[in-house]
Amino acid sequence: MCGIVGYIGKRQAAPILMAGLHRLEYRGYDSAGIAVGNKGTLKVAKCKGRVRELDELKPQRFKGVMGIAHTRWATNGEPSDRNAHPHCDSAGRFAVVHNGIIENAAALKAQLAARGVTFSSDTDTEVFAHLIAMMDDGSPLENVVSAALRLVVGTYGLAVIDAARPDVLVVARNGSPIVLGIGDKEMLFGSDSAAFVRHATSMVHLDDGEIAVVRADGYETRKLDGTSTVKTPSELVWKDEAYEKGTFDHYMRKEIGDQPDAVRRTLGGRLEARFQTTHLGGIELAARDLLDVRRIKILGCGAAYIAGATASHLIEQLARIPTQAEPASEFRYRNPVIEMDTLYIAVSQSGETFDTLAAVQEVKRRGGRVIGIVNVVGSTIARECGQGIYLHAGPEIAVVSTKTFTCSVVALALLAIHLGRLRDLSNANGARLIKGLEALPDHIAAILKREDEIARLAECFRKAEHAFYVGRAAGYAIAMEGALKLKEVSYLHAEAYPASELKHGPLALVTPETPTVIVLPRDDLYRKNVSTIEEIKARGGPVIAITHPGEAHVAFDRSFEVPLLEPELDPLLLNIPLQLLAYHVALQRGCDIDQPRNLAKSVTVE
Ligand code: F6R
């Protein structure tokens, strides 16, 4: 959600910043801009639209060895040329890029206006640019920025340059991520390491309340009150190639295809065949602590929440611990009861989702235990939890989650087996599930090879404007995920319902133009699902079944069979065709698959 990139060194900054912006575009893509400092002046270019539209203004030709750039997901002021970042003071000396929300912007704006400042945008960020210009007393830039930030209420990851101080950039963090990239006699920074992975050899995450003074030959960090802080650089986990789209037309399709390898990495070193259990080195709770767990609450947003909902069935079955998933965005506002014998689990691909982070902080504030299921190493949620399971799925660039959904469920399955084996899950069942997990990547690969069949299924949606996705138990969670993917990338209205609930109301909406996708495993609930299909067929609704091989006890309009694995792990496989289905419906409808309208990856505002 908004991407920030900055550079200072010996090389021309503009090409490096523009390449960084292209890499960060998945974080927001309604406008983009760049400011480069050279010989006491700033060159600024910005416009509404994608980074490729900014490219057309030829900012790559700007001369100068320091600068900042931004790709935006609008929160404050509509997407437009004038609201695009960077924002400057009236003299055009200071430029600011910002991710987050300055909550007292209106009050600050009124004070500045009273002193004669005129504004050229509707953003909160511009207020900050004028504020630092007003407060500049000639002291070091970091002092001026710190003083201005002390007047700000709200969240920010921001960067400031001053044409008159060309040897320094200042960045600050409070609630929105900023990572410094350390290169060879050059420094970079970004909202995430994708911005600078090509140029840096190590990185440093800023913490909330920290400010960094960045020069070509290094950096210093401090708190807003001036107290120095000490940081330890870490290695870049994902190399440049991991961000490439390769031969695929879309990152979403590439990342669906990444799943066999991504799952292998999530499983890597974590299966313990000797004791028919799993080994989770990132969880510091001893067996005795885990045996004390009486309840599990999984928190996440969007697909991460649904991964939790899918896995809650698995944990209950394997470990017999009551488990519930809840949207993290709702959790902290309902004055939740935090229990000491509950294990809280935060699921987040990016590790930066504001609502999930706030839920984690609320659990911790009240003394609860929380672990993270996170993809991005060193991200805020991972650090806030302090323990958990990294997915190692590789970078996910498409706005919609695919491989990280699968890997989150796999990580939670590892936990479920671990908890189960500490309790009543038998040796034989532990061994069976471990074998099932080992077989999972090859089964996913086999489904992916049948993509043509799914592309043909997608044709059923040609005339549709609405679709239902139904299932029971974990199948309902998979239906939720399938519907979320379809609406995000194809803009079709897709509604997920428990199959059992259809007859209690939504059946009124079933027509020959409204396809229903049913998640139909051959499990104990198969016959119940068959009854649901009959109810839909009786109203003339087309039915597409994602099911297992075997005799069909009812006529579907279309179906896709996935191999049977283990009943507890089957939801993982039933989801794969639904990812491809959403992709192909969107492709046939000509949608912008990797950057769907109104969305952004990594939602770092409330
Ligand atoms: C859906 C999707 C979003 C994210 C949600 C949480 O395809 O991508 O719903 O799942 O914004 O993001 P993370 O996992 O980064 O916390």
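Per-residue answers, yes or no, for (1) open to solvent by less than 10 Å² (accessible area, probe 1.4 Å); (2) within 16 Å of the ligand (Cβ to nearest atom); (3) part of a loop (DSSP other than H, G, I, E, B); (4) among the small types (Gly, Ala, Ser):
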| residue | (1), (2), (3), (4) |
| --- | --- |
| ALA304 | no, yes, no, yes |
| ALA311 | yes, yes, no, yes |
| PHE331 | yes, yes, no, no |
| ALA346 | yes, yes, no, yes |
| GLY378 | no, yes, yes, yes |
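Assess whether VAL293 counts as being away from the ligand (no atom under 16 Å from the Cβ), under 30 Å from LEU580 (Cα atoms) and open to solvent by less than 30 Å² (accessible area, probe 1.4 Å). Considered against the rule, which asks whether it is away from the ligand (no atom under 16 Å from the Cβ), under 30 Å from LEU580 (Cα atoms) and open to solvent by less than 30 Å² (accessible area, probe 1.4 Å), VAL293 comes out as no.
Filter segment 109-167 down to the residues that are of a type in the set (Asp, Glu) and under 21 Å from LYS46 (Cα atoms) and list them by number.
Scanning segment 109-167 gives ASP122, ASP124, GLU126, ASP162.
Within segment 483-507, restricting attention to residues that are among the hydroxyl-bearing types (Ser, Thr, Tyr) and within 16 Å of the ligand (Cβ to nearest atom), the residue that is most open to solvent (accessible area, probe 1.4 Å) is TYR491. Candidates are the residues of segment 159-213 that are under 15 Å from ASP240 (Cα atoms), free of Cβ contacts under 8 Å to residues at least 60 places away in the same chain and among the small types (Gly, Ala, Ser); the one that is surrounded by the fewest Cβ atoms within 10 Å (Cβ to Cβ) is SER202.
If you go through segment 396-447 and keep only what is within 16 Å of the ligand (Cβ to nearest atom) and open to solvent by 10 Å² or more (accessible area, probe 1.4 Å), you end up with ILE397, VAL399, SER401. If you go through segment 351-373 and keep only what is within 14 Å of the ligand (Cβ to nearest atom) and over 17 Å from ILE296 (Cβ atoms), you end up with GLY351, GLU352, THR353, PHE354, ASP355, LEU357, ALA358.
Being in contact with a His (Cβ under 7 Å, 6 or more places away or on another chain) and modelled with pLDDT of 90 or more: is that true of GLY37 here? The answer is no for GLY37.
Only residues that are in contact (Cβ under 8 Å) with a residue 60 or more places away in the chain, open to solvent by 10 Å² or more (accessible area, probe 1.4 Å) and not charged (D, E, K, R) were counted across segment 10-57, and they come to 8. When the residues of segment 548-582 are filtered to those that are of a type in the set (D, E, K, R) and modelled with pLDDT of 95 or more, which remaining residue is nearest to ILE447 (Cα to Cα)? Across segment 548-582, the extreme among qualifying residues is GLU561. Among the residues of segment 71-78, not a single one is open to solvent by less than 30 Å² (accessible area, probe 1.4 Å), modelled with pLDDT of 95 or more and outside any loop (DSSP other than H, G, I, E, B). Regarding segment 549-560, can at least one residue be identified that is without any contact (Cβ under 8 Å) to a residue 60 or more places away in the chain, within 16 Å of the ligand (Cβ to nearest atom), within 26 Å of ALA303 (Cα to Cα) and open to solvent by 30 Å² or more (accessible area, probe 1.4 Å)? There is no residue in segment 549-560 that is without any contact (Cβ under 8 Å) to a residue 60 or more places away in the chain, within 16 Å of the ligand (Cβ to nearest atom), within 26 Å of ALA303 (Cα to Cα) and open to solvent by 30 Å² or more (accessible area, probe 1.4 Å). For GLN324, the conditions (1) within 16 Å of the ligand (Cβ to nearest atom); (2) open to solvent by 10 Å² or more (accessible area, probe 1.4 Å) are fulfilled apart from (1).
The residue pairs whose first member lies in segment 391-409 and is closer than 11 Å to TYR26 by Cα, whose second member is within 8 Å of the ligand (Cβ to nearest atom) and among the acidic types (Asp, Glu), and whose beta carbons are closer than 6 Å, counting only pairs six or more residues apart or on different chains, are VAL400/GLU488.
Inside segment 461-471, can you point out the residues that are more than 13 Å from ARG589 (Cβ to Cβ) and either within 16 Å of the ligand (Cβ to nearest atom) or open to solvent by 40 Å² or more (accessible area, probe 1.4 Å) (or both)? Scanning segment 461-471 gives HIS466, TYR469.
The values are calculated or read from the model by the stated rules, or taken from the named source; none is laboratory data. Computed from a predicted model, the values in this text were never measured in an experiment. All Cβ positions, even for glycine, are placed from backbone atoms using ideal geometry, and neighbour counts span all protein chains on display. When the accessible area is computed, the model is the full protein with side chains, heavy atoms only, and any ligands, DNA or RNA have been set aside. Shrake-Rupley method; radii C 1.70, N 1.55, O 1.52, S 1.80 Å.
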